[in-house]
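Note sheet for the following structure.
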Amino acid sequence: MKNNTVKSAEIKKIYMDHSATTQTDPAVVEAMLPYLTKFYGNPSALYSIAEESKKAIDRSRETIASFINASPSEIIFTSCGTESDNQAIISIARLKKEKGNHIITTSIEHHAVLHTCDYLQKEGFEVTFLPVDGYGRVSAEDLKKAIKPTTILITIMHANNEVGTLQDIKTLSSIAHKNGILFHTDAVQSIGKVPVDVVEMGVDMLSSSAHKLYGPKGVGFLYVKKGVPMKPFMHGGDQERKLRAGTENVASIVGYAKAIELAKNSYEAEAIRLRNLSRYFVEELDKAVPDVVFTGHPTDRTPGHVSCCFSYIEGESVLLMLDSLGICVSSGSACTARSLAASHVLLAMGIDVTIAQGSIRFTLGHENTKDDIDYVLKHLPGIVDKFRKMSPLYEK
Ligand SMILES: *Cc1c(COP(=O)(O)O)cnc(C)c1O
């Protein structure tokens, strides 16, 4: 199949990469606009338009806090999920280094956590990267065994971005607390998709980012449980109780709260719809293409998340071919310096590199329908077949 054999009239635009980012919901954009055009005052200023910005931040903080069962004073706004992860991990490392220098995380974290831990390792901290099972789950036993008298922080993600697998945070955080250790979770992929309740989960810190749940890019928050120490990362003004200096991103914070409000009202029904769609997709894909290896946990995963490997071919080639048909997906393998590197997540799950290289992730969201899936199913088997015929590794 060549690109030009597909008539342009047939080309649709199908976005199936919601774990990478989402379209900002039009209602979110609408909620943000007055805070760019009308109430543009600096929240720290004393005149009335500034008072409007300040009040909007307060209301947004309440909306967001209540959605995760936190208090408003436990929410620190940041610029993104990456900043929240960095803030939580580096702050605890610096504050607790008298007690110890050991941090526990997993081998399947997002780079925002992994590279932060690498950075601390270079500074002399000791980091344990826990293994995962074939579904991408961390075991409570492995965590218990990894704990040392010098352990100061455990950071384990709630939902994995590449394979969708959810961790049993409640069990893992209770192990941390039994040993007097603080627990952080990266919940960027779970908020707005599955229930996230900081009390129920028993976490001390939790990271989130608006653009993964139909909010704007460039705003995140870090939940910090009352009493947990924090050290500022940005120095300057008194914003965010002196924990995060810099003039607040008022419009984006308002948009974030709007996105949370929309999620609150719809996420449960949407989760059911997305789970039905992805189940249909998996069943049909499995019938239509031989040798597909589905990755991640079959049921304990984020709704609408379908990840698989087409053995013996390169995921990136499939991705580019799908792109020429107007379908946006992602592949776990990053083509770095023209050599294919397989995803650290899939390798940690014990998937062979010749299989892991063929990984593709479809993450469904609000706009996707069964028609979109049927369109993908119409084209994907031919694409895989074509690349397999060219692959020296594939013999069938
Ligand atoms: C996207 C993502 C991040 C980073 O969030 P940004 O707001 O893009 O910095 C962190 N962790 C996970 C699991 C993610 O999916």
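Observations on the model:
- Answer residue from the stretch 139-171, given it is more than 16 Å from the ligand (Cβ to nearest atom) and among the aliphatic types (A, V, I, L, M) and is nearest to the chain's Cα centre (by Cα) among those: 154
- Each residue in the stretch 323-351 was checked for being modelled with pLDDT of 95 or more, surrounded by fewer than 18 Cβ atoms within 10 Å (Cβ to Cβ) and in a loop (DSSP other than H, G, I, E, B), and 2 pass.
- Residues in the stretch 149-162 that are surrounded by 15 or more Cβ atoms within 10 Å (Cβ to Cβ) and touching a strand residue (DSSP E or B) at 6+ places or on another chain (Cβ under 7 Å): 151, 152, 153, 154, 155, 156, 157, 158, 159, 162.
- The strands (runs of 3 or more DSSP E) falling completely within the stretch 136-236 that include 1 or more residues that are closer than 24 Å to residue 266 by Cβ and outside the structural domain of residue 358 (by TED's automatic domain parsing) map to 182-186, 205-209, 220-224.
- Restricting the stretch 175-190 to residues that are among the small types (Gly, Ala, Ser) and within 9 Å of the ligand (Cβ to nearest atom), the residue that is surrounded by the most Cβ atoms within 10 Å (Cβ to Cβ): 187
- Hits in the stretch 200-231 - residues which are touching a Ser or Thr at 6+ places or on another chain (Cβ under 6 Å) and more than 9 Å from the ligand (Cβ to nearest atom): 202, 203, 206, 214, 216, 221, 222, 230, 231
- In the stretch 195-207, the residues that are free of Cβ contacts under 8 Å to residues at least 60 places away in the same chain reach residues that are outside any loop (DSSP other than H, G, I, E, B) and away from the ligand (no atom under 16 Å from the Cβ) with C-beta atoms within less than 6 angstrom, at least six apart or across chains, in these pairs: 201/170; 202/170; 202/173; 202/174; 203/173; 203/183; 204/182; 204/183.
The values are calculated or read from the model by the stated rules, or taken from the named source; none is laboratory data. Not measured: the values here are computed from a predicted model. Cβ atoms come from the backbone with ideal geometry, glycine included; neighbour counts cover every protein chain shown.
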